[in-house]
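The values are calculated or read from the model by the stated rules, or taken from the named source; none is laboratory data. Here the structure is a predicted model, which means the values were calculated and not measured. Methodologically, a virtual Cβ is constructed for each residue, glycine included, from the backbone with ideal geometry; neighbour enumeration extends over all protein chains shown.
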Number of protein chains: 2
Amino acid sequence: MAGTATVTSSTREKLERARNAARTLAQLSTDQKNHLLLEMADALEAHMPEILRANEADVKHANLSGALLDRLLLTPERVREMAKAIRDVAALPDPVGEVLEAWTRPNGLNIRKIRVPLGLVGIVYESRPNVTVDAAVLAFKSGNAVVLRGGKEAARSNHALAGVLAAVPGVPSGAIELLESSTRETVQELITARGLVDVVIPRGGLELISHVIEHATVPVIETGAGNCHIFVDESADLDMASRIVLNAKTQRPSVCNAAEKLLVHAAIASEFIPIIVRELTVAGVEVRGDAATVRLATDVKPATEQDWGEEYLRLCIAIRVVFSLDEAIEHINHYSTKHSEAIITANEDHARKFLRLIDSAAVYWNASTRFTDGGEFGFGAEMGVSTQKLHCRGPFALRELTSTKYEIIGNGQVRG
Amino acid sequence: MAGTATVTSSTREKLERARNAARTLAQLSTDQKNHLLLEMADALEAHMPEILRANEADVKHANLSGALLDRLLLTPERVREMAKAIRDVAALPDPVGEVLEAWTRPNGLNIRKIRVPLGLVGIVYESRPNVTVDAAVLAFKSGNAVVLRGGKEAARSNHALAGVLAAVPGVPSGAIELLESSTRETVQELITARGLVDVVIPRGGLELISHVIEHATVPVIETGAGNCHIFVDESADLDMASRIVLNAKTQRPSVCNAAEKLLVHAAIASEFIPIIVRELTVAGVEVRGDAATVRLATDVKPATEQDWGEEYLRLCIAIRVVFSLDEAIEHINHYSTKHSEAIITANEDHARKFLRLIDSAAVYWNASTRFTDGGEFGFGAEMGVSTQKLHCRGPFALRELTSTKYEIIGNGQVRG
């Protein structure tokens, strides 16, 4: 398999090769990129046996079980899904080259603001091999080179997947680079390579993200941690509230847009809390709560201060009774990770105030927080969910993997 | 004077007060903000004597001369210019609340992407007291709280200026905070205050910017260093080329968009270099050059490798002869700080290729690099010139001091 020649290179050499590839990629036409993406999709399916063999070796070596094993595991169906995802990306509009604004100054200077690729994008992630493919093709479609640094549990799978993509004839050498050393030094070299790397995107748990933010000197797009809240207001339709809370908590508890906290207005607490605690408990959810919640329902453990700030990422929820919309808003703005929050209410004024005052990437009225997702928003793909305010906020994909550039045309203008 | 009550607070207390102010500021209407801005402009003029007294004390204490003194010095005229600049900002459109996109998903979810303030903006700068006013009012107009940390030479001036602005009745307490300690620890507290500060913008020299980038854990907008190039192609109108080179180098040599390097196509080198070297020398510019340039003109010192990467910020230029457009592009992309570069040519194909392949924030055809400026671009103001690719690139002002937020309205949708 091609692509493996890079294994012996130093990190610096790989970054420089990727930097050079970025110049070539920025100039590829949309048709050229789409053609190569479709070839990548075919290549993944054609190389299915060796991809599965590599993954099998990873799985054997890692000795995991449950959710962790599930994250690492590849099956023929999952590889076919990856190929389909690539074809979907090929079908999306190309953001590069878009003229965002154009105007002429009184002195005759003609200024155009044009969308260009970021250049070289670094991705630091954990054990999900599908991130290798997702990140590589989103970067490729938006005209960027990518340097991937995945978790060591998935090393063989990532090597196989990145190798297949990079080896497609016509893909510039260095366009998809994989850093295969599992030492922390490799991450450090990547996230401090100013002048070579334009942005680093960490994808994974809080510890990984914090490490990257703490030590990076290249710009970072912070993704993911979601301590998401649902506030059930006094006027809420309680059936709707139950459905939304159960969905947001249990439909996929391990992801960042799952609900972690439930605030209930005191006026309906004695009616709603016993019902929702029972439904959550039946669904296998561990319920914690403040003193009021503990009094109103059975099987509720007292929540500690730590609970209010924690992202459980599992079947656990903490419930708190609040006495007003303002108290709910204050609690959320204090404890949330600014990812996704929802209000369930029939009171439009309350809803509008909540939408306006909650300082999070996505704020919902009468819907589940689970919709904060590039696919669900209709973007056709997703690189991650940004929880910072700079560059992009919320689910992001192709357009957010670009920058802009000013082209200015004159006829001899000088500044007076 | 009010505003001085903050002097004894710790950095942390000031950041928390500013964070709270940010919540209030985000909800002010455009009219409320504009009214307060006009009051700030009046207050600066009304407090002119004490502002000038404070500045006089700074000047006396600093014992500077020449350009450094000029940066620090305030005069009645300069204070009036500051007041005028505030009135200009009041007249600019308010970016906050703009609905950037709105759409409905097949499941009925209604999604709106809305422009919101960043929140709390930190500014780290040097000895120019006008930055205190510029940064404070741009942040204010875009609905942000601001924490200012200026250089110690201007401490009394900044205290007076920020105090006058913050004391205007109706300005929320904490909206404009000044960190008055001159220790490095204060900067460190500011640039690592994750959860309180949303972005830090360093404004000043390379050392300051590097320090912030190296040590910040909050997101940074990198500004300013400009090793700007002009390439005079073989088909250039040489009179135009001379005018542009002289303007870009000498009109204001201490700023980031001044030209620092000149590349000349070999085909016209023997004609153009003697002329431009003479004109530059007459204008007081120290000329350095590669071997070819040294041979073609008198009074040219040999340039070293270090010259090609250096931002002189003074009347000095380095000239190099190149044998093709490609060589010029390669040299620029290797050595430039990605700020502003220009090609002077009559060949449209060459111009288009240069515009496309040069990886800088602003790329010019037949115009001076000195136009890379918020005012010259028609933005009405400028917070700085971003040389990074994330969030914004090139001159930036009000709009770039905002983020976005998704508001999603449903009627009970859950994810299947």
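Odds and ends about this structure:
- Taking (1) among the β-branched types (V, I, T); (2) at the interface with another protein chain (Cβ under 7 Å from one of its Cβ atoms); (3) touching a residue at least 40 places away in the same chain (Cβ under 8 Å) in turn, B:T387 satisfies each apart from (2).
- Residues of the stretch A:310-348 classified as acidic (D, E) and more than 19 Å from B:R23 (Cβ to Cβ), total: 3
- Extreme residue, farthest from the other protein chains (Cβ to nearest Cβ), among residues of the stretch B:240-266 that are surrounded by fewer than 24 Cβ atoms within 10 Å (Cβ to Cβ) and part of a helix (DSSP H, G or I): B:A266
- Among the conditions (1) more than 18 Å from B:K113 (Cα to Cα); (2) crowded, with 24+ Cβ neighbours inside 10 Å; (3) free of Cβ contacts under 8 Å to residues at least 60 places away in the same chain, the only one that A:G416 does not satisfy is (2).
- Residues of the stretch A:331-349 satisfying the condition of being in contact with a Gly (Cβ under 8 Å, 6 or more places away or on another chain) and among the basic types (K, R): none
- Total residues in the stretch B:224-239 satisfying the condition of being over 20 Å from B:T293 (Cα atoms) and surrounded by fewer than 24 Cβ atoms within 10 Å (Cβ to Cβ): the figure is 2.
A quick yes/no check of all residues on (1) farther than 17 Å from B:L138 by Cα; (2) within 14 Å of chain A (Cβ to nearest Cβ):
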site: B:A166; (1), (2): no, no
site: B:L179; (1), (2): yes, no
site: B:E185; (1), (2): yes, no
site: B:G204; (1), (2): yes, no
site: B:L208; (1), (2): yes, no
site: B:I213; (1), (2): yes, yes
site: B:T217; (1), (2): yes, yes
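- Among residues of the stretch A:248-276 that are without any contact (Cβ under 8 Å) to a residue 24 or more places away in the chain and assigned by TED's automatic domain parsing to the domain that holds A:A361, those with a beta-carbon under 9 Å from a residue that is outside any helix (DSSP H, G or I) and buried (at least 16 other Cβ atoms within 10 Å of the Cβ) at least six positions away or on a different chain give the pairs A:P274/A:A297.
- Test: residue in the stretch B:114-134 that is in contact with a Lys or Arg (Cβ under 9 Å, 6 or more places away or on another chain), within 14 Å of chain A (Cβ to nearest Cβ) and of a type in the set (D, E, K, R): yes
- Qualifying positions in the stretch A:188-202 - of a type in the set (D, E) and at the interface with chain B (Cβ under 9 Å from one of its Cβ atoms): A:D198
- The residue that is surrounded by the fewest Cβ atoms within 10 Å (Cβ to Cβ), among those in the stretch B:154-181 that are under 20 Å from B:L73 (Cβ atoms) and of a type outside the set (A, V, I, L, M), is B:R156.
- Among the residues of this structure, B:L325 does not count as one that is within 9 Å of chain A (Cβ to nearest Cβ) and either at pLDDT 95 or above or more than 17 Å from A:T404 (Cα to Cα) (or both).
- In the stretch A:306-335, the residues that are among the hydroxyl-bearing types (S, T, Y) form Cβ pairs under 8 Å with partners that are surrounded by 21 or more Cβ atoms within 10 Å (Cβ to Cβ), at six or more places apart or across chains, as follows: A:Y312/A:E260; A:S324/A:H265; A:Y335/A:N227; A:Y335/A:H229; A:Y335/A:K261.
- Matching residues in the stretch B:348-371 - criterion: being more than 8 Å from chain A (Cβ to nearest Cβ) and either of a type outside the set (A, V, I, L, M) or more than 16 Å from B:V232 (Cα to Cα) (or both): B:E348, B:D349, B:H350, B:R352, B:K353, B:F354, B:T369
- Candidate set: the stretch B:205-235, residues that are under 20 Å from B:E189 (Cβ atoms) and in contact with a Phe, Trp or Tyr (Cβ under 8 Å, 6 or more places away or on another chain); chosen: the one modelled with the lowest pLDDT: B:L208
- In the set (1) within 11 Å of chain A (Cβ to nearest Cβ); (2) over 20 Å from B:R370 (Cβ atoms), the condition left unmet by B:R278 is number (1).
- Of all positions in the stretch B:382-397, at least one carries a residue that is more than 30 Å from A:V363 (Cα to Cα), among the acidic types (D, E) and at pLDDT below 95.
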